[in-house]
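Undergrad: Got a structure for you, written out below as structure tokens; questions coming shortly.
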Amino acid sequence: MHQEEVIFSTNETLKTIKERRSIRTFAKEEAVSDEQIHILLRAANEAPSAHNQQSWRFIVLKGQKKHELAELVSEGASRFSKPAQALLRMSARSIASAPVVIAVANTGDLIDHGTELFKMEKEMAYDCFRTMEIQSSAAAVENMLLAATSLGLAAVWLGIMFLMKDEVLAFLGEPAGEFMALVPVGYASREGGSGPKKEPFEMKVRYLD
């Protein structure tokens, strides 16, 4: 075995990264404990954030509220093109089948305070700090996904939900913001398999000396 493969199979962090899969169907009878949820939230909160502003908020949905969210997504899908409809309805099924859904939203705090902190033009500051908030919250979501994998849980980041971002944020009682992610979490209804084939990373890399 190549030395690199040995390291990926024995280093627990790298092993978790390699084993992470996007799982969209869940075993309804298997609940996620409050302790597991707290671990996922703590892992997400440990992510790096721009200027340590931690401008994210986590909303945990279970039971009736989760089913109402699934209905909102399923009903709202009809307004979009057929390919988007299919993905949104698939997302609604994932939300309905998962025992818990964790939403992540930006607070906008960094955007609000950035202009004062750095004395930049308003338009430039907005674009800069908006991007920083998105980067920070995306890092929090990835931490959550890796933590779920390490606990033997299944999860998926429903990226298509950005199409209904404002509606979902309103449903959650959060102010309209620049980032929103929905992450259904549970136990996989079947084995995830080997996952999608990744192109060799060498195809994505350039070295500059």
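The values are calculated or read from the model by the stated rules, or taken from the named source; none is laboratory data. As the structure is a computational prediction, the values presented were derived from the model and not from experiment. So basically every Cβ, Gly included, is an ideal-geometry build from the backbone, and we count neighbours across all protein chains shown. Each accessible area value is taken on the protein alone, full model and side chains, heavy atoms only, with ligands, DNA and RNA left out. Shrake-Rupley method; radii C 1.70, N 1.55, O 1.52, S 1.80 Å.
Undergrad: Using every pair of alpha-carbon atoms in the range 74-195, split the distances into 10 Å bins beginning at 0 and state the percent of pairs per bin, rounded to integers.
TA: Once binned at 10 Å, the Cα pair distances of the range 74-195 give 12, 35, 32, 16, 5, 0.
Undergrad: Calculate the dipole size of the chain relative to its Cα centre from +1 charges on Lys and Arg beta carbons and -1 charges on Asp and Glu beta carbons; express the result in debye to the nearest 20.
TA: The calculation lands at about 760 debye.
Undergrad: Within the range 24-186, what whole-number % of the accessible surface is contributed by carbon and sulfur, with the 1.4 Å probe and all protein chains included in the calculation?
TA: 53
Undergrad: Hey, what do the phi angles of the range 145-151 turn into as Karplus ³J(HN,Hα) couplings, whole Hz, using 6.51/-1.76/1.60 and θ = phi - 60°, x for Gly and Pro?
TA: Each residue of the range 145-151 in turn: 5, 5, 4, 4, 4, 5, 8 Hz.
Undergrad: Considering the options 56, 157, 120, tell which one lies farthest towards the positive end of the dipole of the chain, charges being +1 on Lys and Arg and -1 on Asp and Glu at the Cβ, about the Cα centre.
TA: About the Cα centre, the residue reaching furthest to the positive side is 157.
Undergrad: How many Å² of accessible area per residue for the chain, probe 1.4 Å?
TA: Computed with neighbouring chains in place, this is 60 Å² per residue.
Undergrad: Using a 10 Å cut-off on Cβ atoms, rank the peptides 201-208, 3-10, 132-139, 80-87 from the highest mean neighbour count down.
TA: Sorting 201-208, 3-10, 132-139, 80-87 by mean packing, highest first, produces 132-139, 80-87, 3-10, 201-208.
Undergrad: Sorting check: for 33-40, 53-60, which peptide has the highest mean count of neighbouring beta carbons within 10 Å, and how do the rest follow?
TA: Ranked from most to least packed, the peptides come out as 53-60, 33-40.
Undergrad: Past the 26 angstrom mark, what percentage of all C-alpha to C-alpha distances in the chain do you count?
TA: Cα-Cα pairs of the chain separated by over 26 Å account for 42 percent.
Undergrad: Taking 0.36 nm per intervening residue step and subtracting the Cα-Cα distance, what contour gain separates residue 8 from residue 57 on full extension?
TA: Separation in residues times 0.36 nm, less the Cα-Cα distance, equals 14.4 nm.
Undergrad: Rounded to two decimals, what ratio of Rg to Rh does the range 109-163 give with C-alpha atoms and a Kirkwood Rh?
TA: Value, to two decimals: 1.18.
Undergrad: Provide the net charge surrounding residue 156, with neighbours chosen by a C-beta distance below 12 Å and charges set as Lys +1, Arg +1, Asp -1, Glu -1.
TA: +4
Undergrad: Cα-Cα over 27 Å: which of 66/204; 18/204; 62/165; 82/165; 122/165?
TA: The pairs that break the limit, which is 27 Å between Cα atoms, are 66/204.
Undergrad: Then there's this: Please provide three numbers in whole Å: the alpha-carbon extents of the range 170-209 along the principal axes, with the largest listed first.
TA: The Cα atoms of the range 170-209 stretch 48, 37, 11 Å along the principal axes, largest first.
Undergrad: Show the residues, 5+ positions off or on another chain, whose built amide H is closer than 5 Å to the amide H of residue 23.
TA: For residue 23, the qualifying residues are 155, 156.
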